[in-house]
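Take a look at the structure below.
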Amino acid sequence: MVKGIEIRTSPHLKRALNVQQIMRSVVYAMLPICAFAIWQFGLSAALLLATTTGAAVATEAWFSRLRGAGNTVADWSAVITGILLGLTLPPGFPLWMAAVAAFVGIGLGKALFGGLGYNVMNPALIGRAFVQAAFPVAITTWTPAFAPSRFVELIPTTLTAPFMRPESVTDWIAGLGVDSWTGATPLAMQKFQHVETPAWDTFAGLVSGSAGETSALLILVCGLWLAWRGCLDWRIPASVLAGAALTALPFWLVDPGLYPSPWFVLSSGGLMLAAWFMASDMVASPVTPWGAIIYGVFIGALTVIIRLFGGLVEGVMYAILLGNAAGPLISAWTQPRVYGAVKKARAKS
Amino acid sequence: MSNGTSQDPPKGAGGTWRPMIARMLAGLRPASARPGGHGSGLLRIFRKRKTFPHGIYPVEHKEWTADKPIRRLPFAPVLVLPLAQHRGAPSQPLVQVGQEVVRGEPIARAAGFVSVPMHAPATGVIQAIDLAPTPEGPKTMAIFLKVYQADPQQVLFDTGHDIDSMTNEEVVAAVQEAGLVGLGGAAFPSHVKLMPPKDAVIDTVIVNGCECEPYLTCDHRVMLEQTDALVRGIRLIMRVTGAKRAIIGVEDNKLNAVDQIRAKLPANLPITAEAVESKYPQGAEKMLIKSLLGKEVPVGGLPAHVGVAVFNVGTLAQIGDLLPKGRGLIERVVTVSGPAVTNPGNFMVPIGTPVRFLLNHVGTKPTLGQVILGGAMMGMSVSSIDVPVTKGVSGIVALERDEDDPARRQVYPCIKCGECLKACPINLNPSMLGELAQAREYGLMAQGYNLDQCFECGSCAYVCPSNIPLTQYFRIAKSINRERKN
Ligand code: SF4
Ligand code: SF4
């Protein structure tokens, strides 16, 4: 009746959710954001996303061949890095630079540390930080959203030949016939001209900016779905957003003409995307529940401080990289209190 | 997403449409709200049940057997009775090969205080005293009893006790004489627990009716069918320990048992039955104490140090049943269930019945891949189904093979998702412990990260999306540390 029963060690049951499924869910959650980016910025955004994803996957495959320990592309984490990177770049970003960013992100940011699970920082942000330093002009060249010709022609900078400087887009934009184009994102307008874009426009994403960061609303919905699926620790985005709003609040109360409202802070720039999809990167964030909250608040507060007082328009990228760097320390501070620990001082948790 | 073990219910478990709908609903709910997840926990704030922090919600499939009354089975041709089926010193045989024994007759005596005697579970003849397989693998000495199938199997050793007039010492001695051990799985001699350390005063007896292990329903049936014996046992134990009150903790997936017990509880006695949240490992002593009393057993201490003694419902029902009759423990209730079982159920099984005999009786599917003694979370997978049911075995769970699901088996590096920290009921950091184990830093695991507090409940390994065998790592680390100390 019985032949060849197996011996295993307990527990004999296993929850169905595994790494591959979590990663795939994150990819699914980003697809609507990609679709919105393409709808908003057209062919260039589509090519940009395809390039970063392709380059990230190829880099991952190459490094996993070098390591000789099986193909790690199948865990989908490189796909996430690729898409995420594409979403944070300006839509007209030259494709060859985007490929460099993906290569640096996966290579320097992840493979060098030993691959998935060992990277200290978010690989997509490493890639972006690299190109921000290397190509400061290209990464701040913004183009208008909803250009009428976006599905028939590329933004001229997209196809810049490798190692060439991208041409200027000013004439091209002028020829588009988009009214009221100032060449600045809502964040820059607020910072330098103190003009706050109407809240609904930034929240819904009807503004220009990086390819995938514009619609805070859409990002929020996708992020909530992911948290509901159990594939994301809700503590992190919640505390990033709370940290940012609470830091911005006193300044705005003092001088609403000069400083942005907490509402604008939350809905503009890359904060929403970063809070839900980058700060929440499991590997690079603290593993302890309290650590996750401290880390989130730290990132949120730092982002606002950089935005208000730093030289940069957007600070969330550096805030997260700093948060990542502090992660292991935060984890070490917030080791859980074991059941029955003799000092009864903290009755919490 | 399929849930690890097959979701197919055994035939006859309430038709096919009910589980089908349940499965469809399970697919719709998010991983965090599904019993397997424990993610946000936000939805649970509104559920006001006593509980402990952390823990997991595995799919339990108790509905396969919860409504099945305890049934008796025929005797197996030969019963195998290991001398070491309890914690402590193995019993010493009182019989010789070829000797005839009557059902209920003592066949081995206790070897010291932390040890118990053994009684013949059936009338028959001693066939051999020899090595027998154990679930752990290595063989152990056992008495082989060939059953006289034609015998009426009356229990002849009824000395009888008037439990109300017995002194506490006499009760403790009688509990030992009855060969009673913790029937919840620990198999620790029960009378030892009745003698708490000198520096502790017991004020509360907690009666553990949680039965948090998936698939198992034997305690549930005991609470429903042996309520009077259970209440008798509780009153006796309260008297002996000097406890001022008793609380029966039952998971809220067995509310009919709570009602049944409440209906039978004598008024004016400080005994209450309370529902606690259905969550694994609610039935662990430390967790149940936290849930019911909000107290934590101090590290390195015993429940007695917070004034508590915890007994399993099955053990107390046996005390309440056996002591007045003066009989020994010769049978117990066992749930036989699992996806690979055709006709799951709850059975009154003579101690020593081989697992093979039981499985033949309930029928197994060709997909059978693994047989577990005890529960699916903490039980032990057997290498041979010739091992017998011993006093501590509360269930036999037969799982299907799952080789065809490599996604479940592939091990990834730790992705620091923190799920294990949110699952560990002891509030350890299994992620960190796992990394230290891989680096062979066993000493640091114990000194810096409380390895010794881990009671191998399996919650961390259950949730880990990287499929890291955390619990097994910790088991190995602990045994290595133990060896180094010696
Ligand atoms: S097995 Fe140990 S470390 Fe893992 S959850 Fe249980 S008590 Fe915690
Ligand atoms: S050990 Fe597993 S559950 Fe724990 S943090 Fe790492 S991947 Fe997550």
A:Ala102 is checked against (1) away from every other protein chain (no Cβ under 14 Å); (2) over 14 Å from the mean Cα position of the chain (by Cα); (3) buried (at least 21 other Cβ atoms within 10 Å of the Cβ); (4) under 16 Å from A:Ala61 (Cα atoms) and fails just one. What number does that condition carry? (2)
Any idea which of A:Gly175, A:Gly257 is of a type in the set (Gly, Ala, Ser), more than 22 Å from the chain's Cα centre (by Cα), within 30 Å of A:Trp96 (Cβ to Cβ) and surrounded by fewer than 20 Cβ atoms within 10 Å (Cβ to Cβ)? A:Gly175
Sole residue being more than 9 Å from chain A (Cβ to nearest Cβ) and either under 30 Å from A:Thr288 (Cα atoms) or in contact with a strand residue (DSSP E or B) (Cβ under 9 Å, 6 or more places away or on another chain) (or both), chosen from B:Ser431, B:Ser394: B:Ser394
Is it the case that some residue within the stretch B:422-438 is out of contact with any Asp or Glu (no Cβ under 6 Å at 6 or more places or on another chain) and without any contact (Cβ under 8 Å) to a residue 12 or more places away in the chain? no
In the stretch B:437-463, which residue that is more than 24 Å from the chain's Cα centre (by Cα) and hydrophobic (A, V, I, L, M, F, W, C) is farthest from ligand 2 (Cβ to nearest atom)? B:Ala446
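Can you tell me which of A:Phe309, A:Phe277 is away from chain B (no Cβ under 11 Å), of a type outside the set (Asp, Glu), surrounded by 24 or more Cβ atoms within 10 Å (Cβ to Cβ) and out of contact with any Pro (no Cβ under 7 Å at 6 or more places or on another chain)? Quick ask: steps written out before the conclusion?
Details: A:Phe309 fails: surrounded by 24 or more Cβ atoms within 10 Å (Cβ to Cβ).
On inspection, the qualifying residue turns out to be A:Phe277.
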Which of the residues belonging to the stretch A:1-43 are touching a Ser or Thr at 6+ places or on another chain (Cβ under 6 Å) and more than 7 Å from chain B (Cβ to nearest Cβ)? A:Met23, A:Phe36
Between a residue in the stretch B:442-456 that is in contact (Cβ under 8 Å) with a residue 40 or more places away in the chain and of a type in the set (S, T, N, Q) and any residue that is within 10 Å of ligand 1 (Cβ to nearest atom) and in a loop (DSSP other than H, G, I, E, B), which pairs come within a Cβ distance under 7 Å, given they are 6 or more apart or on different chains? B:Asn450/A:Val338; B:Asn450/B:Leu428; B:Gln453/A:Val338; B:Gln453/A:Tyr339; B:Gln453/B:Ile426; B:Gln453/B:Leu428
If you scan the stretch B:409-427, which residues turn out to be more than 6 Å from ligand 2 (Cβ to nearest atom) and out of contact with any Phe, Trp or Tyr (no Cβ under 8 Å at 6 or more places or on another chain)? B:Arg409, B:Gln410, B:Val411, B:Tyr412, B:Leu421, B:Lys422, B:Cys424
Criterion violated by B:Asp402 - all others in (1) within 27 Å of A:Trp76 (Cα to Cα); (2) free of Cβ contacts under 8 Å to residues at least 24 places away in the same chain; (3) more than 16 Å from ligand 2 (Cβ to nearest atom) satisfied: (2)
Can you find a residue that is closer than 18 Å to B:Ala187 by Cα, part of a strand (DSSP E or B) and either of a type outside the set (Val, Ile, Thr) or within 16 Å of ligand 1 (Cβ to nearest atom) (or both) anywhere in the stretch B:338-346? no
Test: B:Glu63 is surrounded by fewer than 16 Cβ atoms within 10 Å (Cβ to Cβ) and either within 14 Å of chain A (Cβ to nearest Cβ) or of a type outside the set (S, T, N, Q) (or both): yes
Are any of the residues in the stretch B:349-363 surrounded by fewer than 24 Cβ atoms within 10 Å (Cβ to Cβ), within 16 Å of ligand 1 (Cβ to nearest atom), within 12 Å of another protein chain (Cβ to nearest Cβ) and over 30 Å from B:Gly88 (Cα atoms)? no
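Just to be sure before I move on: is B:Thr367 among the β-branched types (Val, Ile, Thr) and surrounded by fewer than 22 Cβ atoms within 10 Å (Cβ to Cβ) in the structure I sent? Talk me through it step by step, then tell me what you get.
Working: among the β-branched types (Val, Ile, Thr): yes; surrounded by fewer than 22 Cβ atoms within 10 Å (Cβ to Cβ): yes.
Against the criterion (among the β-branched types (Val, Ile, Thr) and surrounded by fewer than 22 Cβ atoms within 10 Å (Cβ to Cβ)), B:Thr367 qualifies.
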Selected residue (only one of A:Ala325, A:Ala319 is assigned by TED's automatic domain parsing to the domain that holds A:Glu213 and free of Cβ contacts under 8 Å to residues at least 60 places away in the same chain): A:Ala319
Is it fair to say B:Pro430 is at pLDDT below 95, within 8 Å of ligand 2 (Cβ to nearest atom), not assigned by TED's automatic domain parsing to the domain that holds B:Gln282 and not aromatic (Phe, Trp, Tyr)? no
Kindly list, by first and then second residue, each pair from a residue in the stretch A:87-98 that is under 12 Å from A:Ile38 (Cα atoms) and touching a residue at least 40 places away in the same chain (Cβ under 8 Å) to a residue that is of a type in the set (Asp, Glu) and surrounded by fewer than 24 Cβ atoms within 10 Å (Cβ to Cβ), limited to pairs with Cβ atoms under 6 Å and residues at least 6 apart or on different chains. none
Can you name the residue in the stretch B:320-337 that is over 19 Å from the mean Cα position of the chain (by Cα) and part of a loop (DSSP other than H, G, I, E, B) and is also nearest to B:Thr390 (Cα to Cα) among such residues? B:Gly328
Test: residue in the stretch B:271-290 that is farther than 25 Å from B:Gly374 by Cα, in a loop (DSSP other than H, G, I, E, B) and not polar (S, T, N, Q): no
Could you go through the stretch B:377-388 and let me know if any residue there is more than 12 Å from chain A (Cβ to nearest Cβ), crowded, with 24+ Cβ neighbours inside 10 Å and within 28 Å of B:Leu145 (Cβ to Cβ). yes
Those helices (runs of 4 or more DSSP H) lying entirely in the stretch B:387-486 with at least 1 residues more than 11 Å from ligand 1 (Cβ to nearest atom): B:406-409, B:430-438, B:442-449, B:470-485
Looking at B:Glu403, B:Glu456, B:Glu435, can you tell me which residue is at pLDDT 90 or above, over 25 Å from B:Arg87 (Cβ atoms) and among the charged types (D, E, K, R)? B:Glu435
In the stretch A:190-246, the residues that are among the β-branched types (Val, Ile, Thr), surrounded by 19 or more Cβ atoms within 10 Å (Cβ to Cβ) and outside any loop (DSSP other than H, G, I, E, B): A:Thr202, A:Ile219, A:Ile236, A:Val240
If you take the residues in the stretch A:112-138 that are touching a residue at least 60 places away in the same chain (Cβ under 8 Å) and not in a helix (DSSP H, G or I), which one is nearest to the other protein chains (Cβ to nearest Cβ)? A:Gly117
Quick check on the stretch A:321-333. Is at least one of its residues crowded, with 24+ Cβ neighbours inside 10 Å, of a type outside the set (Ser, Thr, Tyr) and more than 14 Å from chain B (Cβ to nearest Cβ)? no
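The values are calculated or read from the model by the stated rules, or taken from the named source; none is laboratory data. Keep in mind the model is a prediction, meaning the values are calculated, not measured. FYI the Cβ positions are ideal-geometry reconstructions off the backbone, even for glycines, and counts take in every protein chain you see.
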